[in-house]
Amino acid sequence: MTQVFSRRLGVNVDHVATLRQARQARYPDPLAAALIAERAGAAQITVHIRGDRRHIQEHDITRMAASVQTLLNVEAAATDEMEAILLRTRPHRVTLVAERAGEVTTEGGLNVSSQRDGIAAFCARLHAAGIRTSLFIDPDIEQVHASAMPGVDMVELNTARWAEHGGHELHRLARATTLARELGLAVAAGHGLNLQNLRPLVLGAPDIEEYNIGHALIGDAVFLGLEASVRRYLELLA
Ligand code: PXP
């Protein structure tokens, strides 16, 4: 398939909030980081509101929904609590993720095929409120097929295995991307991406249109500054 889009960088600012929460302080402010990331060329701001609120809080989403100039993508589990927050705060897009209490970070993609009706109903309610939807899944053919349903606009492919093991996983990501696009789904990727593994992914799976990157990009920003860090990642998407 020929690439007819420009690749977008979604900057995940969760870990700016992690630093704030470590002191139960008012700063650093993830909204301030979001605005800097946008100024540097990010196409989207991503945040993950977790059940344990270890970083992003509801008030962060409320403020970002009002101030982000590009697009606000909120990652959340498909729970009643999160649904109420999402319908109150109304981000542009919601990415549904699997969440296990106590996990250090997201451990895997959603098992869409085993809970298709529940996910379809959740996405339909978000869609009715004008919120676009994405599902975070492993690059698995069965999960891609299961994700193609009314009310779902996009899939985000989990790149954690690629980041950890490289190799054959790139082929799986490319195959899942091709299938998702054939089924009418837009394709994002994320998890564990950094300055070393991003470019090989872009070259190996060129039809992925959006990359959501947090931990490494914010970590690099500690040394480079946030604007410079965002620009370094953007260069790799060209
Ligand atoms: N995409 C999803 C769905 C995630 O859950 C995360 C982590 O919150 C990311 C992307 C970003 O991953 P990382 O922080 O490893 O760049």
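Read-outs throughout are calculated quantities, based only on the coordinates presented, and are distinct from any laboratory measurement. Since we're looking at a predicted model, the values are computed, not measured. Cβ sites come from the backbone with ideal geometry, for glycine too, and all protein chains shown count toward neighbours.
With contacts taken as Cα pairs under 8 Å at a separation of at least 6 residues, region 16-95 carries a relative contact order of 27 percent. For residue 7, no residue has an amide H sitting under 5 Å from its own, ignoring neighbours fewer than 5 places away on the same chain, with H placed 1.01 Å from N.
Kirkwood's formula applied to the C-alpha pairs of region 136-238 gives a hydrodynamic radius of 13.9 angstrom. Within the chain, all pairs of alpha-carbon atoms sorted by distance into 10 Å bins from zero give the percentages 8, 34, 39, 17, 1.
Which trypsin sites (Lys or Arg not before Pro) in region 1-76 sit in a loop by DSSP (not H, G, I, E or B) and have at most 16 other Cβ atoms within 10 Å of their own Cβ? The partial results should precede the final answer.
Working: sites: 7, 8, 20, 23, 26, 39, 50, 53, 54, 63; in loops: 7, 23, 26, 50, 53, 54.
For trypsin sites (Lys or Arg not before Pro) across region 1-76 that sit outside H, G, I, E and B with at most 16 neighbouring Cβ atoms in 10 Å, the list reads 23, 26, 53, 54.
Our analysis of region 121-193 gives Rg over Rh at 1.01, with the two radii drawn from alpha carbon positions and Rh computed by the Kirkwood formula.
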